[in-house]
Amino acid sequence: MLWEIDLHPRAGTLDREAASVAAEAAELGITGPLEIYTARGFLIESPAIDDSQVEKLATELFSDSMVEQPICAPIGKAALDAPPNASGFAGSLLQVLLKPGVMDPVASSAETAARDFCSTMGDIPIEAIRTLRKYWIAGASEEQLAKIGSRVLANDAIEQFFVGPLPFDRLQLGSEYQFALQTVELDALDDEGLMRLSLEGQLYLQLAEMQTIQQHFAKLGQQPTDIELESIAQTWSEHCSHKTLAGRIAYRDENGERQFENMLKETIFAATQELRARWGENDWCVSVFRDNAGIVRFDDENNLAFKVETHNHPSALEPYGGANTGIGGVIRDTIGTGMAAKPICNTDVFCFAPPDTPVDSLPPSVLNPKQVMNGVVSGVRDYGNRMGIPTVNGAVYFDARYLGNPLVYCGNVGLIPHEMSFKEVQPGDLIVSVGGRTGRDGIHGATFSSAELTSESETLSGGSVQIGNAIEEKKVLDVILALRDRGLYTAITDCGAGGFSSAVGEMGEEIGAEVWLDRAPVKYEGLSYTEIWISEAQERMVLSVPEKNWEAVRQLCADESVEATVIGKFEPTGRLVLKYNDQTVCDLTMDLLHNGRPPVIRQAEFQPAPVEPVALPQRDDYTVDLKKILGSYNVASKQSIIRQYDHEVQGGSVVKPLVGVQMDGPSDAAVVRPVLDSRRGVVISCGMNPRYGDFDTYNMAASAIDEAMRNCVAVGADPSRVAILDNFCWGDCENSQTLGSLVRAALACHDLSLVLETPFISGKDSLNNEFSYVDADGTKQTIAIPPTLLISAMGQVEDVAQCVTMDLKAAGNRLYLVGNTNEEFGGSHFSLVNNLTGGAAPAVDAELAKQTFAALHQAIRQGTVRSCHDLSEGGLAVAAAEMAFAGEVGASLDLSKVPTSAESVGAVGRLFAESNTRFLCEVRPEDATAFESQLAGIPFACVGETTSETRLQIDEATGGKTLVDAELAELKSAWQSPLSW
Amino acid sequence: MPKPRILILRAPGTNCDVETAFAFEHAGGQAESLHLNRLLEAPQLAADYQILCIPGGFSFGDDVAAGRIFANQIRHHLADVMQEFRAAGKLVLGICNGFQVLIKSGLLDTDDDRGPTASLSWNDSGRYLARWVQVSADNKKCVFLAGCDELFLPIAHAEGKFVARDQEAFEQLEQAGQLVLRYSGNASDYNPNGSLGDVAGVCDQTGRVFGLMPHPERFIDPTQHPQWTRLPKQGEGAGLQLFRNAVRFFS
């Protein structure tokens, strides 16, 4: 029998959900006035429970009598149809449920708890539980109701909604699977047929690749099975093999032509290899570009692992689930690094279309950017917070071109003992799956992420969208660390894109593997052998366990309520053999999977556009410009997001994302102390400048590296111990110009890395970030994202007591500007708020940058710097304003003192240019001599002082025209208000 | 005098166990982490300890409601053990999620014959909030708060709003001296979640069982203070006092 327990807000308490639905409906233009009541509910299937027992379950387990009123009844009863505290309500009931098979963490915890509870009332079986949400709405037309249902209440990718009572009386639990081996008639297909198969089978392989597969099987005189094709497609997917960037590329730019056999290897990896060779014995890189995360040395006992991933395509369709599983996935990457690292902090960077994009202007199937932003933030929040990993760093960028392709970068740092940094599967080891069960969720995520999104993606690829279950992953993490410390396994990796197929394929690459697919625990009946193999169900790790340790592994996992199952064996055959009920369904050589992909030569070209002059407006007062930049979305305070993240769990927080008197100033970087009885700190920061890429992606990449370094150095990191990661998100790289702009950025990464002696240790790319739709006139439109390179930096500080923050500390101190200002306005925020075009993107003088970082670091180490902030978007004026209002200390600056590369740099340039490698530092008068001597040889000047007034004043010259004059409160309000919902 | 032994009781989703154990050790205790499953299998294990602490986190995902599933495990399977523990003059501390567990399991003497009189519910904002708050302590009754007055500590929760069944129930707890920690200060948002009576922490009638929403284990080192770069050098964080009080209670 199916029972329902509804929990309504107790009479007299606020119905928060109703208020938020009303607000979101109003954004769709449905203003009503609407009368809304909400409830959350549980559907409980049990053959034996009676009404008094359900009542007891409702009052003692499910509801809180202080704030909630439960109503219980068998499904179909009238009591469930009306809100209890709304007499005379005449409206409609909408009910929202997760689609069958979508992860429902609340239901799964509720099942466990209800079974335990019912065991205390005699042995009452609980078969299944599902959750639902109920909305009673009056004041909306039928059409409006449907719109509220589909755009506010339910996301079709994962949820279904019903108007009126539920049309079922039992919970669907899947049906039995009948094994039947599927083969694919490949030999009969012509090129067109091959491509149709590639597309319709969601393999997303290119023609040459399909032909190679066809020839391979023709030579064997066999037809492939479906699972063999899938295994090849997964392994050869862009997501898993990075075939574009790690492939052959013919590149041409204004400096001539260059052929790459493996572009990434010859640019970014090559720089790291050269640095490691240069350092010799002092090499502090441990494992780079080979494992799930890059590893560097930290202290005498521990190393640090760092990885940043993207989860763009799923987040476009279902922001909450996409971001949720994005952070869950990258955490598994660090857990799956070496013999398992312990995650110590997260970093998250997002790119969205502006939140005020008119809803009416959205192309079909595109979600409202504000909804995307809220969903993504909630997804990261709920997963990161539950995992107990502090989210300490991040950024949010806005550009209209992210409308169809929002970007979600999730990063994680892990701590790993030196001796645990490497792993090696041994022949004969058991293949053990640990953690979540396998379901139909996430089928084709790896191949899907290699495809362009279209307005139909929502229906085609719903299966690749998932919800995470953070508590499952937390349990897995706890038990993995215990297993690791007892030395019970020889290797570990995560189940990410491609599921078992990728995890086992990677681990068994050098040896061979046999997998017994029928043994994998499944969430429900009915999964085919192929679905089990390629499912990307979350929260699963794969271990290789020596047979003698299996019993201990099993016991320890059971102790912590984690499921562990032997699903196969690493057999020294060099083959991948898959069986279902003892029948072989796949038999491929590892060589074909990992080396069989045909090389494709891609063309890439880049021609820098000639620099157009920018017409800078000349005014008597630039206060308004400053406020506009402070209030522009990229610069504006992200406090409403940051405060939803736990940034202090694990007890090592040193420099928080928000600093200053009111704890609301924008910190340059975060510092955490991962070992509680040590003073050594980890510094996390990032740099990203998509707007510069519209001018030249070389300067964009160089600027992003410089910015990430500046942010690290500004809080006290040692610039000779900063490791960085690259994450390329680009458009369609089959287009030679798009690919050219990427190669050019990679060349900048190579050059900067070598000069700064800052190694890249890991990276990832996400290509094909383009969105196509057919507009009202029937024309196909494509929106490509701007080239977007995220540089994430991980620095170190020997004693966290040396760290500085960006808030001004006291009146009467000197303000020094370090670094040269050039008139660089291309892609600047001054141009953005004034609608200016032209100019050149800021360049980096890498040699000077290296010296500047080293000199400033020494000055900070010696304690001569009271506060320090890097100059980025909005230049000097914005940096000074942020420092002043964060510290509630006034400042007065003299622009004539600003060090410039040329006399001709005017007032606007000195105020707002975004030249790289610049810092504003507060120094006590008594420390000035020491500070200045540390910076000898670097361009710097004392440009002003801190004051006891609560204003920021910037003059053209001492006694000259005042160009900026504002109360700190006004500036802060301009900065805080745009994103303060 | 041997060091008092502290049992850090963790469940699936507990995530502040390591730093809480560190705080107790730093205060001079000997802390050990134990999975709830072990205590359910062998409740007598509790007898080996003087202090039991339920640390912060999201036990069982906070699914259904924060701390509820853990609390029900205590109500149904560990009630006797916990009562014996308290009757033996020992200490129990619940931090954040641990406070949610304690109040929902009835261990804070907040139940009467009509059922629970107080609970912790969703923040007024409807969302998770991480920030620092000022709290003022009533240090007369509660062992953990001895010598404490005004404290500055971080909170990080979504369901920390203290609610009472009715005014009468609230007054009863107040008169019993159980509402020992309250959000304070002059800022307009000094009460971060809308708690009734600004309540941030509650103790039982003996003063030896205590739950609080702020995280004292996150302010042990001076560099954990959000404004430490503005302040004169300090020796330790204010949160350490609570752990020291607990450890010293047994010396």
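Out of A:Asp478, A:Asp485, A:Asp429, report the one residue that is at pLDDT 95 or above and crowded, with 24+ Cβ neighbours inside 10 Å.
Numbers: A:Asp478 fails: crowded, with 24+ Cβ neighbours inside 10 Å; A:Asp485 fails: crowded, with 24+ Cβ neighbours inside 10 Å.
Criteria check complete, one pass: A:Asp429.
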Could you count how many residues in region B:26-54 are surrounded by fewer than 18 Cβ atoms within 10 Å (Cβ to Cβ) and in a helix (DSSP H, G or I)?
9
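Against the condition at negative phi, more than 8 Å from every other protein chain (Cβ to nearest Cβ), part of a strand (DSSP E or B) and buried (at least 24 other Cβ atoms within 10 Å of the Cβ), how does B:Gly94 come out, does it pass?
Working: at negative phi: yes; more than 8 Å from every other protein chain (Cβ to nearest Cβ): yes; part of a strand (DSSP E or B): yes; buried (at least 24 other Cβ atoms within 10 Å of the Cβ): yes.
Spelling it out, B:Gly94 is indeed at negative phi, more than 8 Å from every other protein chain (Cβ to nearest Cβ), part of a strand (DSSP E or B) and buried (at least 24 other Cβ atoms within 10 Å of the Cβ).
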Pull up region A:673-699, narrow it to residues that are more than 14 Å from chain B (Cβ to nearest Cβ) and polar (S, T, N, Q), then point me to the one that is surrounded by the fewest Cβ atoms within 10 Å (Cβ to Cβ).
A:Asn699
Given the criteria in contact (Cβ under 8 Å) with a residue 60 or more places away in the chain and out of contact with any strand residue (DSSP E or B) (no Cβ under 9 Å at 6 or more places or on another chain), does A:Asn368 qualify?
yes
Only one of (1) free of Cβ contacts under 8 Å to residues at least 12 places away in the same chain; (2) more than 12 Å from chain A (Cβ to nearest Cβ) does not apply to B:Gly126, and that is (2)
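Can you tell me which residue among A:Thr782, A:Thr758 is more than 30 Å from A:Tyr622 (Cβ to Cβ), among the β-branched types (Val, Ile, Thr) and either assigned to a strand (DSSP E or B) or over 29 Å from the mean Cα position of the chain (by Cα) (or both)? Steps first, answer last, please.
Details: A:Thr758 fails: either assigned to a strand (DSSP E or B) or over 29 Å from the mean Cα position of the chain (by Cα) (or both).
The conditions single out A:Thr782.
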In region A:868-907, which residues are out of contact with any strand residue (DSSP E or B) (no Cβ under 9 Å at 6 or more places or on another chain) and either acidic (Asp, Glu) or surrounded by fewer than 24 Cβ atoms within 10 Å (Cβ to Cβ) (or both)?
A:Glu873, A:Glu888, A:Ala902, A:Glu903, A:Ser904, A:Gly906
Do we find a residue being among the polar types (S, T, N, Q), free of Cβ contacts under 8 Å to residues at least 12 places away in the same chain and under 15 Å from A:Val434 (Cα atoms) anywhere in region A:535-548?
no
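Suppose we keep only residues that are of a type in the set (Gly, Ala, Ser) and in contact (Cβ under 8 Å) with a residue 60 or more places away in the chain within region A:745-770. Which one would you say is farthest from A:Leu407 (Cα to Cα)?
Within region A:745-770, the subset of a type in the set (Gly, Ala, Ser) is A:745-746, A:748, A:753, A:762-763, A:766.
This time we only want the ones that are in contact (Cβ under 8 Å) with a residue 60 or more places away in the chain, so: A:746, A:753, A:762-763, A:766.
Numbers: A:Ala746: 20, A:Ser753: 25, A:Ser762: 19, A:Gly763: 16, A:Ser766: 10 Å.
By that ranking, first place goes to A:Ser753.
Here's the yes/no breakdown for (1) over 39 Å from the mean Cα position of the chain (by Cα); (2) under 29 Å from A:Ala138 (Cα atoms):
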| site | (1), (2) |
| --- | --- |
| A:Phe42 | no, yes |
| A:Ser52 | yes, no |
| A:Asp64 | no, yes |
| A:Leu80 | yes, yes |
| A:Ala86 | yes, yes |
| A:Ala90 | yes, yes |
Need the failing condition index for A:Val545 against (1) surrounded by 21 or more Cβ atoms within 10 Å (Cβ to Cβ); (2) within 14 Å of chain B (Cβ to nearest Cβ), just the number.
(2)
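Out of the residues in region A:692-707 that are acidic (Asp, Glu) and part of a helix (DSSP H, G or I), which is nearest to A:Pro610 (Cα to Cα)? Steps first, please.
Residues of region A:692-707 that are acidic (Asp, Glu), as a first pass: A:694, A:696, A:706-707.
If we keep only those that are part of a helix (DSSP H, G or I) too, we end up with A:694, A:706-707.
Working: A:Asp694: 12, A:Asp706: 24, A:Glu707: 25 Å.
So, considering only residues that are acidic (Asp, Glu) and part of a helix (DSSP H, G or I), the one nearest to A:Pro610 (Cα to Cα) is A:Asp694.
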Can you find even one residue in region A:845-867 that is under 29 Å from the mean Cα position of the chain (by Cα), over 19 Å from A:Gly906 (Cα atoms), among the charged types (D, E, K, R) and surrounded by 22 or more Cβ atoms within 10 Å (Cβ to Cβ)?
no
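Going through region A:393-442 one residue at a time, which ones are among the charged types (D, E, K, R) and assigned to a helix (DSSP H, G or I)?
Going residue by residue through region A:393-442, those that are among the charged types (D, E, K, R) are A:399, A:401, A:419, A:423-424, A:429, A:437, A:440-441.
Residues satisfying the conditions are A:Arg401, A:Glu419.
List the strands (runs of 3 or more DSSP E) inside region A:33-115, counting only whole elements, that have at least 2 residues being closer than 29 Å to A:Ile148 by Cα and within 14 Å of another protein chain (Cβ to nearest Cβ). Break it down stepwise before answering.
Values: elements: A:35-45, A:68-74, A:92-98.
In region A:33-115, A:35-45, A:68-74 are the strands (runs of 3 or more DSSP E) which contain 2 or more residues that are closer than 29 Å to A:Ile148 by Cα and within 14 Å of another protein chain (Cβ to nearest Cβ).
What residue, among those in region A:136-154 that are in contact (Cβ under 8 Å) with a residue 60 or more places away in the chain and within 12 Å of A:Glu24 (Cα to Cα), is surrounded by the most Cβ atoms within 10 Å (Cβ to Cβ)? Show your work before the answer.
Start the filter on region A:136-154 by keeping residues that are in contact (Cβ under 8 Å) with a residue 60 or more places away in the chain, which leaves A:136-140, A:144, A:147-148, A:151-153.
Filter once more, so that each one left must be within 12 Å of A:Glu24 (Cα to Cα): A:147-148, A:151-153.
Working: A:Lys147: 16, A:Ile148: 25, A:Arg151: 19, A:Val152: 21, A:Leu153: 21.
Among those that are in contact (Cβ under 8 Å) with a residue 60 or more places away in the chain and within 12 Å of A:Glu24 (Cα to Cα), it is A:Ile148.
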Of all strands (runs of 3 or more DSSP E) completely enclosed by region A:859-932, which ones contain at least 1 residues that are more than 18 Å from A:Met806 (Cβ to Cβ)?
A:890-894
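Hey, does region B:55-71 have a residue that's among the aliphatic types (A, V, I, L, M), assigned to a helix (DSSP H, G or I), more than 9 Å from every other protein chain (Cβ to nearest Cβ) and crowded, with 17+ Cβ neighbours inside 10 Å?
Taking region B:55-71 first, the residues among the aliphatic types (A, V, I, L, M) are B:64-66, B:69, B:71.
Remaining after also requiring assigned to a helix (DSSP H, G or I): B:69, B:71.
In the following step, the residues that additionally are more than 9 Å from every other protein chain (Cβ to nearest Cβ) were identified as B:71.
Now drop any that are not crowded, with 17+ Cβ neighbours inside 10 Å, which leaves B:71.
Scanning region B:55-71 turns up at least one residue that is among the aliphatic types (A, V, I, L, M), assigned to a helix (DSSP H, G or I), more than 9 Å from every other protein chain (Cβ to nearest Cβ) and crowded, with 17+ Cβ neighbours inside 10 Å.
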Only one of these is within 12 Å of chain A (Cβ to nearest Cβ), surrounded by fewer than 23 Cβ atoms within 10 Å (Cβ to Cβ), among the β-branched types (Val, Ile, Thr) and farther than 18 Å from B:Ser59 by Cβ: B:Thr117, B:Thr110. Name it.
B:Thr117
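Do you know which residues across region A:212-262 are without any contact (Cβ under 8 Å) to a residue 24 or more places away in the chain and either of a type in the set (S, T, N, Q) or closer than 21 Å to A:Tyr529 by Cα (or both)? I'd like the intermediate steps shown before the answer.
Step one: list which residues in region A:212-262 are without any contact (Cβ under 8 Å) to a residue 24 or more places away in the chain, which gives A:215, A:219-222, A:246, A:255-259, A:261-262.
The answer is A:Gln215, A:Gln222, A:Asn255, A:Gln259, A:Asn262.
Please tell me if A:Ser720 is of a type in the set (S, T, N, Q), closer than 26 Å to A:Val804 by Cβ and surrounded by fewer than 24 Cβ atoms within 10 Å (Cβ to Cβ). Talk me through it step by step, then tell me what you get.
Values: of a type in the set (S, T, N, Q): yes; closer than 26 Å to A:Val804 by Cβ: yes; surrounded by fewer than 24 Cβ atoms within 10 Å (Cβ to Cβ): yes.
For A:Ser720, the condition - of a type in the set (S, T, N, Q), closer than 26 Å to A:Val804 by Cβ and surrounded by fewer than 24 Cβ atoms within 10 Å (Cβ to Cβ) - is met.
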Filter region A:375-391 down to the residues that are crowded, with 24+ Cβ neighbours inside 10 Å, under 13 Å from the mean Cα position of the chain (by Cα) and not basic (Lys, Arg), then identify the one that is nearest to A:Ile791 (Cα to Cα).
A:Thr391
Taking into account only those residues within region A:636-651 that are more than 8 Å from every other protein chain (Cβ to nearest Cβ) and not aliphatic (A, V, I, L, M), which is surrounded by the fewest Cβ atoms within 10 Å (Cβ to Cβ)?
A:Ser640
Just one of the numbered conditions (1) touching a Phe, Trp or Tyr at 6+ places or on another chain (Cβ under 6 Å); (2) surrounded by fewer than 19 Cβ atoms within 10 Å (Cβ to Cβ) is not true of A:Ala776; which one?
(1)
Odd one out for A:Tyr633 among (1) away from every other protein chain (no Cβ under 14 Å); (2) touching a helix residue (DSSP H, G or I) at 6+ places or on another chain (Cβ under 9 Å); (3) hydroxyl-bearing (Ser, Thr, Tyr); (4) surrounded by fewer than 20 Cβ atoms within 10 Å (Cβ to Cβ)
(2)
Specify the residue that is farthest from the other protein chains (Cβ to nearest Cβ); the eligible residues are those in region B:133-144 that are within 19 Å of B:Asn191 (Cβ to Cβ) and surrounded by 22 or more Cβ atoms within 10 Å (Cβ to Cβ).
B:Ala137
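With A:Ala78, A:Ala90, A:Ala58 as the choices, which residue is farther than 30 Å from A:Lys370 by Cβ and crowded, with 20+ Cβ neighbours inside 10 Å? Before the answer, list the steps.
On the way: A:Ala78 fails: crowded, with 20+ Cβ neighbours inside 10 Å; A:Ala90 fails: crowded, with 20+ Cβ neighbours inside 10 Å.
Checking each option against the conditions leaves just A:Ala58.
The values are calculated or read from the model by the stated rules, or taken from the named source; none is laboratory data. For clarity, every value in this text was computed on a predicted model and none was experimentally measured. Methodologically, a virtual Cβ is constructed for each residue, glycine included, from the backbone with ideal geometry; neighbour enumeration extends over all protein chains shown.
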